[in-house]
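Step one of this worksheet: look at the structure below.
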Amino acid sequence: MEAIVRNVTEQVIDIYEQFDASHDYDHILRVMKNAEEIALTFPEADLSVVRLAVLLHDIDDPKYRENGNVTPMELLRSARAADELTTKVLDTIRSVSFNGGNEEEIISIEGAIVRDADRLDAIGAIGIARTFAFGGARGRKLYDADEIARTEMSEDEYRSKDTASVTHFYEKLLLLKDLMVTAEGKRLAEERHEFMLDFLEQLKAETGFDGNGK
């Protein structure tokens, strides 16, 4: 099993280094650290499934998808992962994405661990940094006083509109604390959530912009 994890690791590094700083290999390393920390509270979790899902969860993210992008299934097959392991990893990956609030149901402990681990990297100081890194890479405004955050949207609507970076806080980041599914994920999210609220208050003090079209 360790050989499969090493093989997949070697393959994904180059893929992630083609992405912008919000979804590069450093993101994967941080999510891995979060996942291993949460997994300590679940001794029954399959760490190989967790690690492989973390390594592969963003390689064909729709934000970076191009013709010819390799898929998690293809990488697992090239690493000679057994069919049962491949199925578990792919099911875990499907549990991760936010998709504008249109989430897949959690069907395993591993899915809960990886979902919370990934979402922890979307909030707090690193979440703020990643949001503006992604927005900068896409040429998005820092904030837009005329933009109202959407409260309901389809996955296509969520992905198709180039909202300002601060709007993203209201459409996703500030919602994640209450969407954590593990006790450890909930605990770790609290401080990061409060840091984001403090940041938005400071932003208001410096710009007069209160967020969410205010």
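So here's what we get for this one:
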| item | result |
| --- | --- |
| Some residue of region 98-120 being among the polar types (S, T, N, Q), in contact with a Lys or Arg (Cβ under 9 Å, 6 or more places away or on another chain) and under 18 Å from ASP24 (Cα atoms) | no |
| Which listed residue is within 29 Å of ALA133 (Cβ to Cβ) and crowded, with 18+ Cβ neighbours inside 10 Å, from VAL70, VAL54 | VAL54 |
| Top-ranked residue in region 172-197 [being in contact (Cβ under 8 Å) with a residue 40 or more places away in the chain and among the acidic types (Asp, Glu); ranked as surrounded by the most Cβ atoms within 10 Å (Cβ to Cβ)] | GLU184 |
| Number of the exception - ASP60 against (1) charged (D, E, K, R); (2) surrounded by 14 or more Cβ atoms within 10 Å (Cβ to Cβ); (3) in contact (Cβ under 8 Å) with a residue 60 or more places away in the chain | (3) |
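Read-outs throughout are calculated quantities, based only on the coordinates presented, and are distinct from any laboratory measurement. Every value quoted in this text rests on a predicted model; they were computed, and no experiment measured them. Positions of Cβ are generated from backbone atoms using ideal geometry, with glycine treated the same way; all protein chains shown enter the neighbour counts.
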